[in-house]
Amino acid sequence: MYHIPNINIKDYHYLLPKDRIAQFPLEKRDESKLVIYNDFKISESKFKDIPEFLPENSLLIYNETKVIRARLLFQKETGAGIEIFCLEPVMPTREIQLAFRQHSGVVWKCLVGNSKKWKAGKLIKNFNIDEKNYILIAERTEQHKDYSLIEFQWEPVDLTFSEILIHSGVIPLPPYMPRKAVESDKFRYQTIYARSEGSVAAPTAGLHFTNNVIRKLKEKNISFEELTLHIGAGTFKPVSSSSVEKHEMHTEKIYINKSTIKRVLENTGNDVIVVGTTTMRTIESIYWFGVKLLVDKEPLEYIDIRQWDPYDQKYKKDISVQESLNAILEIMQKKNMEVVSGQTQLMIVPGYEFKIPNILITNFHIPQSTLLLLVSAFIGDGWKDVYQYALGHDFRFLSYGDSCLFFKNQ
């Protein structure tokens, strides 16, 4: 039986003028403005000074996913432009890191722009690398309501699919940035610690970090751990139903190292800071994975957290973080696993009880979005005061916008 909070999505609307949506990043990452919400009080600073507001000896966890150049632009002989947006691999493997290492002959689930102009046949794109000519060929093998299956082949076949995207793809800027990607987006729409390819959108809370900020954090004896959530296009999907109960949350792939789980355990009693809503969803999903291991008593090796699992009375047991994470480590030890992976559809809404983090670094989010619901779950109705303050004090919004530091209300 599910106990899903009765939430009207209209209560999470605010007026966001278009001119407040940042279209380009600031010249320096850490010069972005920072709004701080702590103990029901609002203050303001710059992101470069965030170390001053974070507690010593805390643990900071970030998402090290890397944005891929997922947009491939083709032009038919008729002159019609066709955009193929790569979402996730299908063949010969669905494991994303392996998929990037494949050579010619891969199939991906994709969105197709200007699809009506592509009835049949193959699309061809020519590009050069070090004066050597390559040909990329795309063919639609299946068409579904929300996506298409596209087979990609290329000649010569010496490149991996990762290299194909690097040299012929375009950074996929969010839909609220209606402009062409420019050269600087290649590195500014990535965190400085991005490592594992797989996202089609940036974990934007991390875009503000610089080496100087990280150095200052380390000077406060703040330790760092990483995890991975590959962000899908579903992150931009609005809550279109009036009640969140009817909204279908998107599913994303996650990976977490044994060392990170151990570090969270060792940090019991100290502050845990998460960078971004993606990191929050992942670390909380890990807790629920451990709960499912203990309750279902099945030795699962693959994380699969459904949208409403935390709201299922079956799993609402008095299970501590220590018990949950130890259950995961026990499985990993038995199976000789250094990384546990899977997928999460976790939807965090007001009424949710956070298990691990008590400090959140994030950006400003779209009205009536699942990300705004998560923020509200974390700091309550205080989000309204924060957003009104930001609108009244010249803050920039969304992906390339300014930042927030939220302390969970006690």
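The values are calculated or read from the model by the stated rules, or taken from the named source; none is laboratory data. Quick caveat, the model's predicted, so the values are computed rather than measured. Ideal geometry is used to build each Cβ from the backbone, glycine not excepted, and the neighbour counts take in all protein chains shown.
Cβ separations smaller than 9 Å between residues 6+ apart or across chains give the following pairs from the range 26-44 residues that are more than 10 Å from VAL386 (Cα to Cα) to residues that are assigned to a strand (DSSP E or B) and of a type in the set (Phe, Trp, Tyr): ASN38/PHE406; ASN38/PHE407; ASP39/PHE407. Checking each residue in the range 356-381 for being on the phi < 0 side of the Ramachandran plot and either surrounded by fewer than 18 Cβ atoms within 10 Å (Cβ to Cβ) or basic (Lys, Arg) (or both) picks out PRO367, ASP381. Here ILE129, ILE135 are screened, and the one residue that is touching a Pro at 6+ places or on another chain (Cβ under 9 Å), of a type in the set (Val, Ile, Thr) and surrounded by fewer than 17 Cβ atoms within 10 Å (Cβ to Cβ) is ILE135.
For the range 82-107, the candidate set comprises residues that are assigned to a strand (DSSP E or B) and in contact with a helix residue (DSSP H, G or I) (Cβ under 8 Å, 6 or more places away or on another chain); within that set, the residue that is nearest to ALA233 (Cα to Cα) is LEU87. Search the range 65-78 for residues that are part of a loop (DSSP other than H, G, I, E, B) and pair each with any residue that is among the charged types (D, E, K, R) when their beta-carbon atoms are under 6 Å apart and the residues are at least 6 apart or on different chains. Within 6 Å, the pairs are ILE68/GLU197. Looking at the range 146-256, the strands (runs of 3 or more DSSP E) lying wholly inside it that each contain 3 or more residues that are in contact with a Phe, Trp or Tyr (Cβ under 9 Å, 6 or more places away or on another chain) and outside the structural domain of LEU346 (by TED's automatic domain parsing) sit at 148-155.
Could you tell me whether any residue of the range 383-398 is among the hydroxyl-bearing types (Ser, Thr, Tyr), assigned by TED's automatic domain parsing to the domain that holds GLN345 and assigned to a loop (DSSP other than H, G, I, E, B)? No, the conditions are met nowhere in the range 383-398. When GLU353, GLU330 are checked against the criterion of being part of a loop (DSSP other than H, G, I, E, B), out of contact with any Gly (no Cβ under 8 Å at 6 or more places or on another chain) and surrounded by fewer than 22 Cβ atoms within 10 Å (Cβ to Cβ), a single residue qualifies: GLU353. A single member of TYR2, TYR37 is in contact with a Cys (Cβ under 8 Å, 6 or more places away or on another chain), more than 24 Å from GLY113 (Cα to Cα), of a type in the set (Ser, Thr, Tyr) and surrounded by 12 or more Cβ atoms within 10 Å (Cβ to Cβ), and it is TYR37. Looking across GLY169, GLY198, one residue alone is buried (at least 19 other Cβ atoms within 10 Å of the Cβ) and within 14 Å of the chain's Cα centre (by Cα). It is GLY198.
Being crowded, with 17+ Cβ neighbours inside 10 Å, more than 24 Å from the chain's Cα centre (by Cα) and not charged (D, E, K, R) is the requirement here; does VAL112 meet it? So VAL112 does not fit the description; no. Take the conditions (1) of a type outside the set (A, V, I, L, M); (2) more than 17 Å from SER43 (Cα to Cα); (3) touching a strand residue (DSSP E or B) at 6+ places or on another chain (Cβ under 9 Å); PHE395 misses just one of them, which is (2).
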